[in-house]
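Engineer: Before anything else, here's the structure in question.
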Amino acid sequence: MTVTTDPVALNQWVPCAWDGQIPVGGSLDTMIFGQPIHVQRTGEDSYRVAAVDGTTERELPVQVRYTCVFTTLGDTPRPLPEIAEFDEADRRITGCGNVGVNTSPYRLVENFLDMAHFAFIHTDVLGALDQTEVLAYRTEHRKEVDEIWAIDCTFYQPAASKAATGGQLTRYVYRVMSPFSVMLYKNVVTDPSRNDAICVFIQPKRETECLAYMPMAIVDEVSTVGDLIDFQQSIFLQDRVILENQRPALLPLDPTSELPTRADASSIAYRRWLKAMDIRFGILEKQAA
Amino acid sequence: MAIRLYDYSLSGSCYKVRLMLGFLGLEYERVQMNFYPGRQHRSPEFREINPLGQIPVLEEDGLRLRDAQAILCHLANSHDASGEWLPRDAERFGPVMMWLMFAGGELMAASAARLHDALGYELDIEEARRKARAAFRVLDDHLTAREIAGARWIVGDTPTIADVACFPYVALAGDGGLGHEEYPALRNWMRDFRRLPRFRAMSGIPEFI
């Protein structure tokens, strides 16, 4: 495809590498929204990103946060979200590299928001086949930050995290921070007063070709970084199978094309929000009758 | 008789060993490897354990073994009193070895396609998929002939380490953008394999095969 002309998509910060992926002095060729880009690591903490068109380069803004290198093609991008947990001293901050997923970025966000699949796809870990009900929860459009939140979510989980030693009723809060990023807060197994923060930032290479980055800020004094990553990747590779089998891969925003249930309230709120911002990239155009 | 496995959940090769340990009912200590993104298997420390920089590695009673296929042979040789997982008779031993080498050889093209699609490895994806399809074709043809002969497993009347070695990268094909549609005999065989006692799935193996 050619580069998207969708101004909403262009004005988002998206990840284009994970911090540490490129050795100092090295570089990486990748793509965002159909635009080839060149990511150079110029120093320990400094990167240069440029859009490449043939032999000409246009330098793009860059920032390194949440274990990722972010860039944007837009002139007035929506700011990156603030996630306070990443600044807490005792948190285990780790990325999980990135994982390729061939579907539209919105399918990834919706899968992340969905609790109904836990028992069936993450059986014995994030859900159990005898406790599949998604209890009622609430969704909010927080206008001051223009984010979609799902609150008061609970789900029975046999092994909610690497630190878990038994089943628990896990409390979740979901937060859609941009069309291409989403996170959750789930109560820490060992300290119910605190929440683990787990994010997904999506690099849309093309409309149905994405890289998913999963930075986490975890409260866990015991597990190794390898343990934490292995747990998260194992979950995500289970999701990847169903994600790549969803049809159509592009997201329909017409409310009659896919029928939601009450458990999909967060997804409904997300789709309405996408529709209101008139995003076009990766969206299934409604066919004429 | 402590067994230790240097393991990574998403590795299909480690999964071969985990399956075999499960089928044989063996307890083991798991050493978590940060394969991706940490590339711990290529660290100088791990090269002391396996100079090839590959997982899995299995340790037992002073033995240190690399290569999933070699480890399957060792586990069946040392821990399977029935002798069925690694049959020693002339009729079955050679064919089991042959399909074991196939699992560690031609079939690994499907692993390459998966590493490309999921973990961003830079390689010729079309070439990897073409080779994987060619390998699937060979195994599917073999299993079709076995079905016609009234048999279910790759060699003999019971599952062997050849089935264990071949299953992961056939079942994980979807992770590398390879469908099972063209391989009906592989699908039948995978369904039978999944029904074995103590079978455990891993991430990326669809429920609907």
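Engineer: Round to a whole angstrom and tell me the spacing of the C-alpha centers of region A:1-33 and region B:161-209.
Structural biologist: After rounding, the separation between the Cα centres reads 35 Å.
Engineer: Further, regarding this structure: What whole-number distance in Å separates the alpha-carbon centres of region A:53-87 and region A:158-220?
Structural biologist: 21 Å
Engineer: Moving on. Which value, in Å to one decimal place, does the Kirkwood hydrodynamic radius take for region B:90-194 when every pair of different Cα atoms is included?
Structural biologist: 13.9 Å
Engineer: Lys and Arg at +1, Asp and Glu at -1: add these up for the other residues within a Cβ distance under 15 Å of A:T5 and post the number.
Structural biologist: In short, -4.
Engineer: Expressed in whole Å with the largest first, what are the equivalent ellipsoid semi-axes of chain B derived from the C-alpha gyration tensor as the square root of 5 times each eigenvalue?
Structural biologist: Ellipsoid half-lengths, sorted descending, are 26, 23, 14 Å.
Engineer: Over region A:162-201, what is the relative contact order in whole percent, taking alpha-carbon pairs under 8 Å and six or more residues apart?
Structural biologist: Across region A:162-201, relative contact order equals 33 percent.
Engineer: Of A:V14, A:V173, A:V52, which has the largest mean-square fluctuation in a 10 Å C-alpha GNM of chain A?
Structural biologist: The residue that fluctuates most here is A:V52.
Engineer: Within region A:205-289, report the GluC sites (Glu not before Pro) that DSSP leaves as loop and that have at most 10 other Cβ atoms within 10 Å.
Structural biologist: Answer by residue number: A:E221, A:E285.
Engineer: I've got another one for you. Using the Cβ atoms and a cut-off under 13 Å, what net charge is assigned to the surroundings of A:D90, where Lys and Arg are +1 and Asp and Glu are -1?
Structural biologist: Within the 13 Å Cβ shell, the charges total -4.
Engineer: Ok, one more. What percent does the relative contact order of region B:45-125 come to when contacts are Cα pairs within less than 8 Å and at least six residues apart?
Structural biologist: RCO, region B:45-125: 15 percent.
Engineer: If R0 is 45 Å, what FRET efficiency do you get for A:T154 and B:R194 from their C-beta distance, rounded to 0.05?
Structural biologist: Once rounded, the FRET efficiency stands at 0.90.
Engineer: Taking amide H positions as placed 1.01 Å from N in the peptide plane, with prolines and chain starts having none, which residues 5 or more places from A:E209, or on another chain, fall under 5 Å of its amide H?
Structural biologist: Here A:T103 satisfy the definition.
Engineer: Any idea what the alpha-carbon Rg over 2.2 N^0.38 Å comes to for chain A?
Structural biologist: 0.99
Engineer: Follow-up. In region A:13-97, which GluC sites (Glu not before Pro) are in a loop and have at most 10 other Cβ atoms within 10 Å, using DSSP for the loop call?
Structural biologist: When the GluC sites (Glu not before Pro) of region A:13-97 are filtered for loop state and at most 10 Cβ neighbours within 10 Å, A:E44, A:E82 remain.
Engineer: Below 8 Å between Cα atoms, with a sequence gap of 6+, how large is the relative contact order for chain A in percent?
Structural biologist: Averaging sequence separation for qualifying contacts and normalising by length gives 21 percent for chain A.
Engineer: Most fluctuating residue of A:V145, A:V241, A:V134 in a GNM of chain A with Cα springs under 10 Å: which is it?
Structural biologist: A:V145
Engineer: Stokes-Einstein at 20 °C, 1.002 mPa s, Kirkwood radius from Cα pairs: D for the protein assembly as shown in µm² s⁻¹?
Structural biologist: For these conditions, the coefficient is 88 µm²/s.
Engineer: What's the Kirkwood radius of region A:119-261 in Å, using all Cα pairs?
Structural biologist: This gives a value of 16.8 Å.
Engineer: Let me ask another. Rounded to the nearest 500, what is the 222 nm mean residue ellipticity of chain B from helices alone, with -39500 (n - 2.57) per DSSP H run of 4+ residues and division by all residues?
Structural biologist: Roughly -15500 deg cm²/dmol at 222 nm, from the helical runs in chain B.
Engineer: Ok, one more. For A:N195, what charge total do you get from the other residues with a beta carbon under 15 Å from its beta carbon, if Lys and Arg give +1 and Asp and Glu give -1?
Structural biologist: Charge balance near A:N195 sits at -2.
Engineer: Mean Kyte-Doolittle of at least -1.0 and a Cα length of 18 Å or more along the axis: which whole DSSP H helices of chain B meet both?
Structural biologist: Membrane-span-like by this criterion, though nothing is claimed about a membrane: B:90-104, B:125-148.
No value in this document is a laboratory result; all are computed from the given coordinates. Everything numeric here is computed off the predicted structure, so don't read it as measured data. Positions of Cβ are backbone-derived with ideal geometry, glycine not excepted, and every protein chain shown enters the neighbour counts.
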